[in-house]
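Bear in mind that the values in this text are calculations on the coordinates, not laboratory data. None of these values were measured; they are calculated from a predicted model. Neighbour counts are summed over all protein chains in view; Cβ atoms, including those assigned to glycine, are modelled from backbone coordinates with ideal geometry.
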Amino acid sequence: MDYTEELLNKLASNIASVRKNIDDACREAGRDPSSVTLIGVSKVFPVEYAEAAFMSGLKNLAENRVQELVPKTERFNELGLTPNWHLIGTLQRNKVKYIIGKTYLIHSVNTLELAEEISKRSAAAGLVTDILLQGNISGEESKHGFSPEELEGAVQAVSALEGVRMRGLMTMAPIETAPGQARPVFERTREIYEELKSSVKDPSCWDTLSMGMSGDYREAIAEGSTCVRIGTAIFGDRNALKA
């Protein structure tokens, strides 16, 4: 193992704090805390941070980029560690081949062409890859994903593909400049998620709503998020790491 005892203790404390906030948010929303999966996003941080988080009890880890995900999964395999790896960032079609069989869930399927590439590669490998469709519910030009009006057609098209299993939706809200600004986006995403359930091939698999990051996960939980993607609140300030 590459991490220090100091790093292990620091991340364990941060994870415990986030879990307490999740528990509190769930109680306020009348939800069971076990209905929310905590995903630690270790992007930019060295692999020892991910190792320490896993050894602190965090079983779901995420990366934004394929070029970080692949070497980290390889290192974990060498150590005999088996987290659930999530890819949450923009995925280019020409990089799909590198991650087939390595992910627990791909959150960021933002075009039909990308879904088709994942389908083709997964079917060729004899695998089924779990995915989420990324919705651009806020309408921001800087964000990727299907518009609310495009999502129903996307669900129907992806339902016909082999080798992929749609589990639900992912979205990103605008960065809050005042408390509560993200909540309407999360509310609208949940409404769309519920409306689309009847359109999927297997509604029993439509069970994941990925919403909420370090700055807004409490609001996301209040609106029904089933997994929150937490980086800074667990691993710290990425800018300070680069400095």
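Brief remarks follow.
- Under the Karplus curve 6.51 cos²θ - 1.76 cosθ + 1.60, θ = phi - 60°, whole-Hz ³J(HN,Hα) for region 15-26, x wherever Gly or Pro sits: 5, 4, 5, 5, 4, 5, 5, 5, 4, 5, 5, 5
- For region 95-110, backbone phi angles converted through the Karplus equation (6.51, -1.76, 1.60; θ = phi - 60°) give residue-by-residue couplings of 10, 4, 4, 7, 10, 4, x, 9, 10, 7, 7, 9, 8, 10, 7, 10 Hz, Gly and Pro being listed as x.
- Highest-fluctuation residue, 233, 52, 178 considered, GNM on the chain with Cα pairs under 10 Å: 178
- Residue order, fewest to most beta carbons within 10 Å, for 99, 39: 99, 39
- Of the GluC sites (Glu not before Pro) in region 1-31, not one is in a loop by DSSP (not H, G, I, E or B) with at most 16 other beta carbons within 10 Å.
- Amide H partners (placed H, <5 Å) of residue 109, local residues excluded: 132, 134
- Simple rule: put +1 on each Lys or Arg Cβ and -1 on each Asp or Glu Cβ in region 72-195, find the dipole, and look at 131, 112, 142; the Cα lying farthest toward the positive end is 131.
- A dipole drawn for the chain from +1 and -1 charges on Cβ atoms has a positive end, and of 224, 34, 76 the residue lying farthest that way is 76.
- Placing unit charges on the Cβ atoms only, positive for Lys and Arg and negative for Asp and Glu, gives the chain a dipole magnitude near 460 debye about its Cα centre.
- Exceeding the 31 Å Cα-Cα cut-off - candidates 102/197; 10/102; 59/197; 102/143: none
- Dipole in debye (nearest 20) - region 10-111, about Cα centre, beta carbon charges: Lys, Arg +1; Asp, Glu -1: 280 debye
- Residue-averaged 222 nm ellipticity for the chain, from DSSP H runs of 4+ at -39500 (n - 2.57), nearest 500: -13000 deg cm²/dmol
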